Ligand SMILES: Nc1nc2c(c(=O)[nH]1)N[C@H]1C(S)=C(S)[C@@H](COP(=O)(O)O)O[C@H]1N2
Ligand SMILES: [Mo]
């Protein structure tokens with residue numbers, strides 16, 4: 001048994017967003033944590049990832065095999081909880097169910113490991129049409145709050161697409177995965193909601209249905225507005241698709257709602273934030289900022305970090321922008337992002353019971369603007 005112990009309480013936390021937007025690559029200690037159960041402590045030397053289902057060769061891969069028998073691939077990508085920005089939906093639109101995430105349930109890291117497609121190639125997938133099939137991931141050692149293991153799935157054709165960069169990550173930012181982020185191996189599915197990036201991965205199944213796990217079927221879905229409470233939501237869970245790709249988004253990290261900001265004679269402050277592309281349509285190509293409730297917009301400067309041989313399409317951009325504000329109380333700044341395919345961030349998202357995929361304009365409200373020298 002490679003399952004040693006499990007911390008009891010699910011660890012859920014996010015850093016201050018002002019801190020998050022100060023570094024293009026999110027350091028381990030600044031990364032958010034999202035867990036539906038305790039954190040398993042796994043002995044990597046005994047750990048195996050089983051690959052089965054609609055495959056010709058069932059595989060039982062050790063961590064050494066994952067590292068040595070397959071080409072290692074680097075991906076810089078955002079990992080974002082589908083509940084990121086839930087607090088904004090809850091306070092700006094209406095009450096929702098779920099952890100009260102601010103704007104920092106997201107991180108941009110460099111991940112390294114074998115491509116899932118290379119592993120599936122070795123297993124030899126046996127399905128007539130990859131468009132109708134799924135790849136399910138599981139961590140069978142993690143007892144969760146709503147199910148007795150954690151699991152999720154993505155479409156098989158996405159897993160097989162070389163340019164979709166789905167990997168089984170063994171490293172984060174050049175080091176072995178930290179225990180809380182899935183040591184010794186997790187799935188990394190660029191542009192797809194964090195819920196499918198299964199940590200402490202021990203089982204991959206090629207199958208004709210989606211994962212039957214609670215977190216695929218009964219959570220992480222954008223329910224229609226008619227689903228107003230748990231009871232009225234019930235009939236919709238089977239009908240609404242599982243959330244996969246996340247929408248174009250941007251957030252203001254500095255200043256924050258309620259801050260007092262100091263301006264010189266020019267009335268200018270520097271606003272900073274991050275912006276995320278929609279699904280496959282990255283990178284973000286434009287971020288605009290407004291200090292007059294959206295009447296006029298100024299282009300922000302985008303900060304990328306090019307990495308040789310690594311696609312820039314999955315990562316965030318950080319942005320900074322000089323913004324002119326008038327002295328007084330109740331000032332507001334807005335941000336909106338556009339990605340390479342022309343998807344533009346919407347003013348507000350539609351309310352949904354679970355408060356997922358919020359992507360309305362970034363906003364810093366109730367700013368008090370005071371002069372530098374009084
Ligand atoms: N085994 C397992 N994998 C998991 C989860 C979990 O609870 N257990 N949470 C998922 C969710 S909802 C998110 S948003 C990401 C969070 O990853 P992190 O904790 O490394 O930030 O992991 C996903 N993978
Ligand atoms: Mo999540």
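Where a number appears in this text, it was derived from the coordinates with a stated rule and is not lab data. All of these numbers come straight from a predicted model, not from anything done at the bench. All Cβ positions, glycine included, derive from the backbone under ideal geometry; neighbour counts span all protein chains shown.
Among bridges DSSP assigns within the chain, what percent are antiparallel (round to 5)?
Working: 69 of 77 bridges.
The answer is about 90 percent antiparallel.
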_Highest to lowest packing among 43-53, 231-241, 276-286, scored as the average C-beta count within 10 Å_ = 276-286, 43-53, 231-241
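Can you tell me the order of 167-179, 56-68 when each peptide is scored by its average per-residue count of other Cβ atoms within 10 angstrom, highest first? Intermediate values should be presented prior to the final figure.
Details: 167-179: 19.2, 56-68: 14.8.
Ranking, from highest mean packing down: 167-179, 56-68.
Could you calculate the contour length gain from residue 129 to residue 340, that is, 0.36 nm times the residue separation minus the distance between their Cα atoms, to one decimal place in nm? Kindly include the intermediate steps, with their values, before the conclusion.
On the way: separation 211, 0.36 × 211 = 75.96 nm, distance 3.00 nm.
Between residue 129 and residue 340, full extension yields an extra 73.0 nm.
Between residue 292 and residue 28, what length comes free when the chain is fully extended (0.36 nm per residue of separation minus the Cα-Cα distance, one decimal in nm)? Provide the component values of the computation, followed by the final result.
Values: separation 264, 0.36 × 264 = 95.04 nm, distance 3.70 nm.
Value of the extension gain: 91.3 nm.
For every helix of n ≥ 4 consecutive DSSP H residues, a contribution of -39,500 (n - 2.57) applies; sum these over the chain, divide by its total residues, and give [θ] at 222 nm rounded to the nearest 500 deg cm²/dmol.
One gets -1500 deg cm²/dmol as the mean residue ellipticity at 222 nm.
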*Note the full-extension length gain between residue 44 and residue 239 as 0.36 nm times their separation in residues minus their Cα-Cα distance, in nm to one decimal.*
66.3 nm
*Cα→Cβ-extended label distance, 7 Å offset, between residue 175 and residue 99, nm*: 2.1 nm
*asked:* Give the separation of the Cα centroids, region 250-278 to region 111-188, in Å.
replied: 37 Å
*For the pair residue 326 and residue 218, how long in nm is the line joining their label points, each one 7 Å along Cα→Cβ?*
5.4 nm
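Between residue 163 and residue 305, what FRET efficiency follows from the Cβ-Cβ distance if R0 is 35 Å, with the result rounded to 0.05? All intermediate terms of the calculation are to be shown ahead of the outcome.
On the way: r = 20 Å, r/R0 = 0.58.
After rounding, the FRET efficiency stands at 0.95.
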_Radius, Kirkwood style, for region 242-374 when every pair of distinct Cα atoms is counted (Å)_ = 15.5 Å
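I'd like the antiparallel share, as a percent to the nearest 5, of DSSP beta bridges with both residues in region 249-371. Intermediate values should be presented prior to the final figure.
Working: 30 of 34 bridges.
If we restrict to bridges inside region 249-371, about 90 percent are antiparallel.
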_Quick check on packing: order 93-99, 290-296, 181-187 by the mean number of other C-beta atoms within 10 Å, highest mean leading._
181-187, 93-99, 290-296
*According to the Cα gyration tensor, what semi-axes, each the square root of 5 times an eigenvalue, does the equivalent ellipsoid of the chain have, listed from largest to smallest in whole Å?*
38, 22, 19
